[in-house]
């Protein structure tokens, strides 16, 4: 995608801080399950253009939370933890799913069947 | 000083959908508000990956019962950009009309709900009566009042006849005059008393918490995706409605002016409506990533779509405006409002919970 | 000339009282619905509701609730009987207050946040309307030199001719008692979900509804006492009924053109408008009497 910056767990906070200083709005974050690893794309917007931070990490690796910088990341990160079963430091599961819900349903390995076709 | 905890929701008359706010109150003053969602999660994002992209349009439509037009528009625009095609001009105009009709009925619905929340029943009933006419107009165009099924990948599924356009013009005249009838409600003493200075969200807080839509625009942030000129909006003349009240009254005022703006936009569309095809057919593979954003009645609707060249989509991420507006609402609630104001404040951001959780 | 209502009439009126209150509520719902472009429920809907509630099984959180509900209805029944038999207005007033205290205690006796806030708000409402109610009773007492209802029938002119302003203040009391905007704060449906009544169910909820019928009869009855035409029983009945209907119609209109206010706004409004009007009126009566007496 355009305006995309690759980051890792160590540089995420620094790059996010730059976005904050540039007065970008944190729109949302998208988590992707790419087989051997996971990606979280952080989408920022300043009204005219979007910028993205792409964080790649291995399954089971704990990635930092940007909640301290952007308060609105709270629900967004909780949702990713719930649906993908990834680890984000300081973020617990239980926002969208309950104790009897399927675990990490959005992973490609999670069982699912199409109802429409 | 009596401290107590009130669980506001998930079943509460003011919320048509389940969301919970756990309120810590001292007498009647709220000192802490803790939101809880997750009562209606339906796993729609997963379903997007399993179905055919064409069927997904109907899935997107059913994410939200109030704003199906923006959801499908955002979805088909994302898929179109993956395929590298563009809808014909006439289709873009029809999409714009549907989106604006959707905004009109959504805003009128909201205005009525606000009346209900503050115990102004006659106003509530009156607005919803006018909304019926808008829904009738939508039915005449699309054949259905709630799920329009107008959008298709590469255009729209139904054309609009000249007769339908004339009929739409008449409905717009009716809606405009009806709204003028009840416009004095903005000056009503009790309504001002209940909304002015209630639920303050400063510009700085709105930016920090990522508020979108009328919630942001009432705090003085000029943020309206329609100005980016997607679909037919590039050809139409309009200015985003921005007010600096920063309170529930401001959000009321923004929506009220947007109603008039939408009526004006539909009239412009009718005048400028181009002729020609309404569908671009394509079998291009869907490859790469696309972000598609449209301005839904409640604010920025965000779709991230990723294709992998196969017949199904790899990932569809939906971020609805209400999801972005929950944290600003908590900020508003935590400023020591009255219990009586909780319903007004939560309603002022126009919550739509089912689409929040997808 | 002293007009004494016959005992039979008083007995009949006491029995009919809750049904009059019920009919008032039924018509209220119908008229409100018509004003809002709706069809509305049948006139007897409040009655059907209560009958149905009595048929439902009760699920009470605390035994104390039952006691408080019974006491609430009991006190209101007693004050209604007193009013119908031309008893002491002051006693009637204090009985109503006692009833409301039982109602509030019933709300406090359960551990529900909404019920608790509802109880609080009920107290705020009492704080708002009791002074008006009491001052009205006092001003009636000042004019008739007694607190007995039957003394009003012995006056030379209708009360409304001497003290019209307390009647305007009593409108606030009526709006609060009818649970109408802008003062429907204790049962605010979209805020605290019927507040004090939230933990009642079945027959005991029905008792609260019946108590509400009594309340409405009492307030509208006391207000229409202002329209007693002394010495003319037929005209009295006609003018009292007409006045009751007028008061009630005004309250429906107010309900339909206002939103609900905060409890502190209500307190301010009732103190500023309600009490001032009564004090001004009583002062005028005394000044006029002084000038007339001096001249």
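Throughout, read-outs are computed from the coordinates displayed, never taken from laboratory work. Keep in mind that what you see is a predicted model, and the values were worked out from it rather than measured. Cβ placement follows ideal geometry from the backbone for every residue including glycine, while neighbour counts extend to all protein chains displayed.
A few notes on this one:
- The long axis of helix B:248-272 is offset from the longest Cα principal axis of chain B by roughly 20 degrees.
- Inter-chain shielding of A:22-34 (mean C-beta neighbours from other protein chains, 10 Å cut-off): 5
- Peptide-level mean, for B:338-344, of C-beta atoms on other protein chains within 10 Å: 6
- Paramagnetic label reach from residue A:89 (point 7 Å along Cα→Cβ; backbone nitrogen cut-off under 16 Å): within region A:59-82, residues A:60-70.
- Ranked by how many other beta carbons lie within 10 Å on average, peptides C:180-187, B:85-92, B:45-52 from highest: C:180-187, B:85-92, B:45-52
- Calculated FRET value between residue B:227 and residue C:34, using beta carbons and R₀ = 56 Å, to 0.05: 0.80
- Protection proxy ranking, peptides B:210-220, B:235-245, C:270-280, average beta carbon neighbours within 10 Å, highest first: B:210-220, C:270-280, B:235-245
- Segment residue B:145..residue B:202, full-extension length gain: 16.8 nm, with 0.36 nm per residue of separation and the alpha-carbon distance subtracted.
- If you plug the beta carbon distance of residue B:181 and residue A:36 into 1/(1 + (r/R0)^6) with R0 = 60 Å, you get a FRET efficiency near 0.45.
- More than 25 Å apart - percent of Cα-Cα pairs taken over region B:1-147: 49
- Fully extending the segment from residue B:238 to residue B:271 would add 10.4 nm, taking 0.36 nm per residue of separation and subtracting the current Cα-Cα distance.
- Using C-alpha pairs under 8 Å with a sequence gap of at least 6, the mean separation divided by the residue count of region A:4-88 gives a relative contact order of 31 percent.
- Residues of region B:188-206 with amide N under 13 Å of a point placed 7 Å along Cα→Cβ from residue C:268: B:190, B:192-197
- Chain B - percent relative contact order, Cα under 8 Å, separation 6 or more: 26
- Relative contact order, whole percent, for region B:193-340 stands at 27, derived from Cα pairs under 8 Å and 6 or more residues apart.
- In this label model, residue A:3 and residue C:250 are separated by 6.2 nm, measuring between points 7 Å along each Cα→Cβ vector.
- Taking all C-alpha pairs of chain A, those more than 25 Å from each other amount to 24 percent.
- Residues in region B:195-216 that a label on residue A:69 would reach, taking backbone N under 17 Å of a point 7 Å out along Cα→Cβ: B:207-210
- Among B:31, B:254, B:76, the largest mean-square fluctuation in a Gaussian network model of chain B, built with springs joining Cα atoms closer than 10 Å, belongs to B:31.
- Crossing angle, helix C:63-84 versus chain C [Cα axis fit, 0-90 degrees, rounded to tens]: 20
- 10 Å binning of all Cα-Cα separations within the protein assembly as shown, expressed as whole percents from 0 upward: 3, 13, 20, 20, 16, 12, 8, 5, 2, 1, 0
- Simple spin-label estimate for residue C:45 and residue B:165 in nanometres, 7 Å along Cα-Cβ: 4.5
- Per-residue mean of foreign Cβ neighbours for B:114-127 is 6 (Cβ atoms of other chains, 10 Å radius).
- The order of the peptides C:210-220, C:153-163 by mean Cβ neighbours within 10 Å, most packed first, is C:210-220, C:153-163.
- Spin-label model, residue C:67 to residue C:168: label points 7 Å out along the Cα-to-beta-carbon direction sit 4.5 nm apart.
- Between helix B:162-181 and chain B: long-axis angle, C-alpha atoms, 0 to 90°, nearest 10: 10
- log10 of Debye I(q)/I(0), alpha-carbon scatterers only, for region C:161-295 at 0.09, 0.14, 0.19 Å⁻¹: -0.36, -0.79, -1.18
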